[in-house]
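The values are calculated or read from the model by the stated rules, or taken from the named source; none is laboratory data. Given the structure is predicted, the values throughout are model-derived calculations rather than measurements. Because the Cβ atoms are built from the backbone with ideal geometry, glycine has one as well, and the counts that use them run over all protein chains shown. Just the protein is used for accessible areas: all its heavy atoms, side chains included, with ligands, DNA and RNA removed. Shrake-Rupley method; radii C 1.70, N 1.55, O 1.52, S 1.80 Å.
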Amino acid sequence: MWRWLRSALGRLRGAPAAMERAVVRCVPSEPKLGLSLVLPNGDARHMQRDPAEPLGRVLARIAANAARSPGKTAKKSKKAQAKNGPAEEKAREVPTVRLFSRDGEAVGEEVPNALAWQDGAVLQVGEARYRVERNPPALTELRLPRSLLAGFPVCPKVGAEFAAPQNCLFRWYREQRPAPGGDGPTWVEAATERVFTPSNALVGLRLKLHCTPGDGTQRYGQPCEVESSGPVEAGPGTCTFDPRHLYTRKVCGDGSVRTVSYNILADTYAHTEFSRTVLYPYCAPYALDIDYRQNLLKKELAGYSADLICLQEVDKSIFVDSLAPALDAFGLEGLFKIKKKQYEGLATFYRRDKFSLLTQHDIAFSEALLSNPLHKELSDKLAKYPLVQEKVLQRSSVLQVSVLQSTTDVSRKICVANTHLYWHPKGENIRLIQIAVALSHIKHVACDLYPSIPVIFCGDFNTTPSSGTYSFIRSGGIAEDHEDWLSNGEEERCNMSLSHPFKLLSACGEPAYTNYVGGFHGCLDYIFIDRNALEVEQVIPLPSHEEVTTHQALPSVSHPSDHIALICDLKWK
C-alpha cells in the first residue's frame, strides 16, 4: 500500500494548478484509509487514517499541516525570518479546510472517513481546491516479453489495481534510428491495440508501450511506459500451425464449442542438458529456449480461436507471467493446477463471453486415494498390491475439473476435465489406477453434483489406442485378467476389474501420432467427449507428416512442443 501511495504522491507533484488531486485509497480488506495530496505550502503528505474516524479529525490535521512552514522554509535563518515577519505569520495562519460532495454540499464533520471521501468530492484548503480521486485506476506492473519476433504477437503483462487490462488504453511506438550525429533514437507511433504484432520492417528496432489504466467507467489513471529490452528479431517463417489457422479464423457460434488439448512441453524439462543432448539433439538450442517457444505458443493458441483450451506441462511461472496475460488479451480466462512437488501442472482456459466458471473440483490422484471416501473401494483393492500402491502414491499426477455454464443459456452446463497421466512406457498398470480415480471423480461431479451434464475430458494420457487404459475409457470396463495389469512384470501384477458409467468417444479419432520425437512417435493425447450429449462438428487436420518432419522431429524452430495440439469443434446434441 505504501508503494501505491508514494507513486500516487509522485504523480500529484506534477498535477495541473487549476484543480489539484487528492488521492484516496480505501479498500475494505485494509485497516487504514490512505490520503495523499500536496498542500498549498508545497508539503507532500501521506496520511493513514481509521476508516471509521470522523471526518472532522482529518480536516483538522490537514489544516494544522497546511499552517506549518514547509521544510526548507523552516531552515531559513532567524535574520530572514525577522525580515519576512508579517509574511511568515500570515503563512502560519490556520486555513479553513472543508470537504464538499459532488453535489456541492458540505460533508458533515461527523461522517466516517470511509463514507466521506467519495470519488468526485472537492476538498478545499484555504483558497486551494482538490478533486478527490477515490481508488483511481493504477498500474502495478507493465512488462514486455524478452523475446520479440516479427510476425508474432507481443502480449504485455499488465498488472492493474482498480482497473482491468481490457479497459486500459495502449499506444505502441517503434524505434526510429537516429540520424548520423543525432542524440539518440526517437519513437514513432505504430499501433493502439492491446496486442501488437511487429512486421518484418521492424526487425532490428526496439518497441515502446505507453499504457493508461482504465476501469471501464471513463476513469483513467496515470500512464506508464516500458521499452523492450532488445530489438525485434526475424521470425522462423511458416510454422506447423499456420495452415491449421486457416480452419480457425473465427470463433464458433453459440451452439458450438471449439476445444483444444495440448501438451506444451514444460521449460523445466526442455532446458536441461539431457533434453538438448539426448531427447532433442536435432533441435536448435535457441528453439528450446522458453522465450523463443513462448512466441510460437502464443501465436499458435491465439490463432485457434478456441472456446476451451486444456494444456499440460505448464510451468507455473509461464502461466502467471506469459500465457494467462496473453490469452486474457484474446478473451480467455485461465485456471491452473500445479502437480505435487513440481514446477509444472495443468491449465484450463475458457472463453469469457461464452462461459462462466461455476465450480472447481481439482484433485491429486494420490491424495484422493488416501483420503476421499469416494475411492475407498479402489483403495482397498489396491492395498492388496503394496508395490503398485507405493508407486501410485508416489506419483505427482493431478486432475483438473471445472464446471462451466453457458453465458447465453444458463441451462447448459459442462464438465471440463484435464489431466496428464504417468509417463513410463511400462506403467500401464499405474495409468489404469489413475484413470479409474479420474473417472470416479468426474462421475461424482457430472452425475452427483450436477446430474447429467456433458463431459469433455482432455489430456496427455500417455497411452496408445491399443492399450488397456484407452480401451477402459472407451468401453467403460476392464477385466481383471487384462494383460496391462502385468505391464511391468509379474512382480507388479495387480489384477482387478474396473468400470465407469460414461459413454466416451475420442473426438479426434486415433491419429497416427500426437507425439513425435527422435526415438518415438505415437498417439498419446485425446479429447474424450460424452457421446450421449455431444457430437463432433469438425476436426482440425493435424500437420502433414512432411510438415512435422521438416526439421527431423519435434520440437523444432517452427513448432514449440514435442506434442501436437488436438482441435475439434463440438456441439450439443
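Please determine whether any residue of the range 408-430 is more than 27 Å from Leu265 (Cβ to Cβ), touching a residue at least 60 places away in the same chain (Cβ under 8 Å), open to solvent by 10 Å² or more (accessible area, probe 1.4 Å) and within 25 Å of the chain's Cα centre (by Cα). Checking the range 408-430: at least one residue is more than 27 Å from Leu265 (Cβ to Cβ), touching a residue at least 60 places away in the same chain (Cβ under 8 Å), open to solvent by 10 Å² or more (accessible area, probe 1.4 Å) and within 25 Å of the chain's Cα centre (by Cα). The single residue among Ser396, Ser466 that is in the same structural domain as Ile264 (by the TED database), open to solvent by 30 Å² or more (accessible area, probe 1.4 Å) and among the hydroxyl-bearing types (Ser, Thr, Tyr) turns out to be Ser466. Pairs meeting the criteria (first residue in the range 350-369 and within 26 Å of Val437 (Cβ to Cβ) and of a type in the set (S, T, N, Q), second residue open to solvent by 60 Å² or more (accessible area, probe 1.4 Å) and outside any strand (DSSP E or B), beta carbons under 9 Å, at least 6 apart or on different chains) are Thr359/Leu449; Ser366/Lys340; Ser366/Gln394.
When the criteria are applied in full, Tyr262 meets the requirement of being surrounded by 20 or more Cβ atoms within 10 Å (Cβ to Cβ), more than 15 Å from the chain's Cα centre (by Cα), over 15 Å from Ser556 (Cβ atoms) and in contact (Cβ under 8 Å) with a residue 12 or more places away in the chain.
Residues that are in a loop (DSSP other than H, G, I, E, B) and either open to solvent by less than 30 Å² (accessible area, probe 1.4 Å) or aliphatic (A, V, I, L, M) (or both) within the range 20-42 comprise Cys26, Val27, Leu39, listed in sequence order. Here is the figure for the range 185-202: residues that are assigned to a strand (DSSP E or B), of a type in the set (A, V, I, L, M, F, W, C), farther than 18 Å from Leu327 by Cα and out of contact with any Lys or Arg (no Cβ under 6 Å at 6 or more places or on another chain) total 1. Listed by first and then second residue, the pairs linking a residue in the range 488-504 that is assigned to a helix (DSSP H, G or I) to a residue that is of a type in the set (D, E, K, R), with Cβ atoms under 9 Å apart and 6 or more places separating them unless they lie on different chains, are Glu492/Lys391; Glu492/Lys426. Leu542: assigned by the TED database to the domain that holds Leu301, within 26 Å of Thr469 (Cα to Cα), open to solvent by 10 Å² or more (accessible area, probe 1.4 Å) and in contact with a Cys (Cβ under 9 Å, 6 or more places away or on another chain), yes or no? In short, yes. Test Glu510 against the criterion of being open to solvent by 50 Å² or more (accessible area, probe 1.4 Å), free of Cβ contacts under 8 Å to residues at least 40 places away in the same chain and either over 22 Å from Ala438 (Cβ atoms) or not basic (Lys, Arg) (or both), and give yes or no. So Glu510 does not fit the description; no. Scanning the range 525-556 for residues that are farther than 10 Å from Ala507 by Cβ and under 25 Å from the mean Cα position of the chain (by Cα) yields a count of 2. Within the range 94-108, how many residues turn out to be closer than 16 Å to Ala64 by Cα, part of a loop (DSSP other than H, G, I, E, B) and not hydrophobic (A, V, I, L, M, F, W, C)? The total comes to 2.
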